[in-house]
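Q: This is the structure I want to talk about, given as C-alpha cells.
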Amino acid sequence: MNIASSMQKFQDWFTQQWVIIWGRKISPSECLWLMGPFGELNGIGEAFIHQLAERENLTVLRNTKSKGLLHSISMLNLTENEVKNLSEKVIHFYEKTADYNLLLNVKWNTIFKVFGFLVNRLFSQRINQLNIPIENTQEFRDLKSEIIELISNEDNEVKYTIWLRKFESTGKIIYSGIYSTCVLPSGKTCIKAIFPLPKGNASVLLKPSVGHNGELILDSSGNQFGDAGFYFLLNDSKGNYWSQFIKSFTDKLIVREDEGNLKAIQTLKLWNFKVANFEYTITTQFENNN
C-alpha cells in the first residue's frame with residue numbers, strides 16, 4: 001500500500017493519504033502542465049520562498065517595480081478579437097501587478113463558514129497560508145501586495161514569479177502562490193496558480209476568456225483530470241507522485257473596469273453552492289498617493 005510520509009502533522013498526513021487513496025499515480029514527464037514546486041514540512045509562508053531559492057540555486061528579487069503576473073497578455077493565447085476587446089487597464093494590471101495596491105472584502109455563505117473556520121484552525125495559522133477572515137464585514141481591508149521574482153543563477157532568467165499578499169495590519173499571509181501559464185492536454189492555455197503545501201502543493205488552473213464589457217474572466221470549472229480545475233499534488237513516502245482533481249470545487253475570478261477603476265470579484269463554489277465571495281478594489285500606487 002502507498003503511504004504518505006509519516007514524519008509530519010497528522011492533518012497533513014491524513015489529507016495526503018486521502019489524495020493517494022482517491023487520486024491517481026502520475027508520471028511527472030507526462031503531466032508537465034500540472035507540475036510545480038512542493039513545500040517543505042517545516043515551513044510554508046515566506047519561508048518557502050527562501051527554501052525554494054536555496055534548493056534550486058536561485059536569487060530572490062523582492063520589492064520589484066512594474067513587474068507583472070504575466071510578462072505579456074499574449075501569454076494567455078487569447079484570440080485577436082478577445083485581446084482587442086479586453087480592457088487596457090486590466091491588461092496593465094496583469095503586466096504591471098507590482099504597481100498596484102489591493103483592498104479586500106470577504107463575504108461567506110453562512111452554511112460554509114464552518115469550513116473556513118476549520119481550514120484556518122487546522123492549516124492556515126500553522127503553515128502561514130490562506131489566512132482568510134471568517135467574519136463578514138462591510139469594511140475593506142488593506143493588503144500588502146508584492147511580486148517576487150526568483151532568478152536563475154545560471155542564465156539570469158526569471159524561473160518563478162510569486163505573488164505574495166498579506167494583510168497590512170497583521171502581516172498574516174492570505175495567499176503566497178507561484179503564477180505562470182500552462183497548456184492543458186486539450187491545447188487550451190490556462191493561468192496556473194501553485195500554492196505550496198507540506199510535501200506537495202495545491203494548484204488552480206484557470207481558463208481565460210473576455211466578457212462583453214472588456215472584463216477578463218478566469219474560470220477553473222472542469223469535468224475531468226486534464227481540464228482546468230483544482231488539483232492536489234504530492235509525493236508519498238517512496239517519492240511517487242500522486243494527484244487528485246477536485247471537480248466539486250471551483251474558482252471564478254472576474255477582473256473588470258468600473259467607471260475608470262479596477263474591481264475584481266472572486267467566487268468560490270463547492271458542489272455548485274457558493275462558499276464565499278472575495279471582492280477586490282484595485283488601485284495604482286500613484287492613485288493611493290493622491
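Q: Out of curiosity, is TYR280 of a type in the set (Phe, Trp, Tyr) and either within 12 Å of the chain's Cα centre (by Cα) or assigned to a helix (DSSP H, G or I) (or both)? Please lay out each step first, then the result.
A: On the way: of a type in the set (Phe, Trp, Tyr): yes; either within 12 Å of the chain's Cα centre (by Cα) or assigned to a helix (DSSP H, G or I) (or both): no.
Here the answer is no, as TYR280 does not meet what is asked.
Q: Under 9 Å by Cβ, and 6 or more places apart or on different chains, what pairs join a residue from the range 21-43 that is farther than 16 Å from ALA228 by Cα and at pLDDT 95 or above with one that is among the small types (Gly, Ala, Ser) and surrounded by 11 or more Cβ atoms within 10 Å (Cβ to Cβ)?
A: Pairs found: ARG24/SER243; LYS25/SER243; ILE26/SER243.
Q: Follow-up. Any idea how many residues of the range 232-259 are touching a residue at least 60 places away in the same chain (Cβ under 8 Å) and of a type outside the set (Asp, Glu)? Can you show your working first?
A: Initial filter on the range 232-259 (touching a residue at least 60 places away in the same chain (Cβ under 8 Å)): 232-238, 240-245, 255-257.
In the following step, the residues that additionally are of a type outside the set (Asp, Glu) were identified as 232-235, 237-238, 240-245, 255-256.
Counting residues in the range 232-259 that are touching a residue at least 60 places away in the same chain (Cβ under 8 Å) and of a type outside the set (Asp, Glu) gives 14.
Q: It is to be established whether one or more residues within the range 167-183 are of a type in the set (Val, Ile, Thr), surrounded by fewer than 17 Cβ atoms within 10 Å (Cβ to Cβ) and closer than 20 Å to VAL204 by Cβ.
A: From the range 167-183, those of a type in the set (Val, Ile, Thr) are 170, 173-174, 178, 181, 183; that's our starting set.
This time we only want the ones that are surrounded by fewer than 17 Cβ atoms within 10 Å (Cβ to Cβ), so: 170, 183.
Next, only the ones that are closer than 20 Å to VAL204 by Cβ stay: 183.
Yes: the range 167-183 contains one or more residues that are of a type in the set (Val, Ile, Thr), surrounded by fewer than 17 Cβ atoms within 10 Å (Cβ to Cβ) and closer than 20 Å to VAL204 by Cβ.
Q: Then there's this: From LEU86, LEU69, grab the single residue that is under 19 Å from the mean Cα position of the chain (by Cα) and either among the hydrophobic types (A, V, I, L, M, F, W, C) or at positive phi (or both).
A: Working: LEU86 fails: under 19 Å from the mean Cα position of the chain (by Cα).
Result: LEU69 is the single residue among LEU86, LEU69 that is under 19 Å from the mean Cα position of the chain (by Cα) and either among the hydrophobic types (A, V, I, L, M, F, W, C) or at positive phi (or both).
Q: Does the range 149-163 include one or more residues that are buried (at least 19 other Cβ atoms within 10 Å of the Cβ), among the aliphatic types (A, V, I, L, M), on the phi < 0 side of the Ramachandran plot and in a helix (DSSP H, G or I)?
A: No, the conditions are met nowhere in the range 149-163.
Q: Count, please, the residues in the range 191-203 that happen to be more than 13 Å from LEU69 (Cβ to Cβ), in a strand (DSSP E or B) and not small (Gly, Ala, Ser).
A: Our first condition is that a residue be more than 13 Å from LEU69 (Cβ to Cβ); within the range 191-203, this holds for 195-203.
Now restrict to residues that are in a strand (DSSP E or B): 195-198, 200-203.
So of that shortlist, the ones also not small (Gly, Ala, Ser) come out as 195-198, 201.
So the count comes out to 5.
Q: Let me ask something additional. Would you check which residues across the range 162-217 are charged (D, E, K, R), modelled with pLDDT of 95 or more and touching an Asp or Glu at 6+ places or on another chain (Cβ under 6 Å) and list them? Quick ask: steps written out before the conclusion?
A: First pass over the range 162-217, keeping only residues charged (D, E, K, R): 165-166, 168, 172, 188, 192, 199, 207, 215.
Then drop every residue that is not modelled with pLDDT of 95 or more, which leaves 188, 192, 207, 215.
Correct list: LYS207 only.
Q: Please verify whether the range 223-230 includes one or more residues that are surrounded by fewer than 16 Cβ atoms within 10 Å (Cβ to Cβ), outside any loop (DSSP other than H, G, I, E, B) and not hydrophobic (A, V, I, L, M, F, W, C).
A: no
Q: Taking the range 4-36 only, how many residues are outside any loop (DSSP other than H, G, I, E, B) and surrounded by fewer than 14 Cβ atoms within 10 Å (Cβ to Cβ)?
A: Looking only at the range 4-36, we keep the residues that are outside any loop (DSSP other than H, G, I, E, B), and these are 10-22, 24-26, 28-30.
Still in the running and surrounded by fewer than 14 Cβ atoms within 10 Å (Cβ to Cβ): 10, 14, 18, 21-22, 24-25, 28-30.
Residues that pass the stated criteria total 10.
Q: Right, something else. Suppose we filter the range 154-209 for residues that are under 24 Å from LEU104 (Cβ atoms), hydrophobic (A, V, I, L, M, F, W, C) and over 16 Å from the mean Cα position of the chain (by Cα); how many remain?
A: Here the count works out to 1.
Q: Answer yes if at least one residue in the range 123-139 is assigned to a strand (DSSP E or B) and either under 23 Å from THR281 (Cβ atoms) or of a type in the set (Lys, Arg) (or both), and no otherwise. Break it down stepwise before answering.
A: Going through the range 123-139, the residues assigned to a strand (DSSP E or B) turn out to be none.
Checked against the condition, which is being assigned to a strand (DSSP E or B) and either under 23 Å from THR281 (Cβ atoms) or of a type in the set (Lys, Arg) (or both), the range 123-139 yields no hits at all.
The values are calculated or read from the model by the stated rules, or taken from the named source; none is laboratory data. Since we're looking at a predicted model, the values are computed, not measured. FYI the Cβ positions are ideal-geometry reconstructions off the backbone, even for glycines, and counts take in every protein chain you see.
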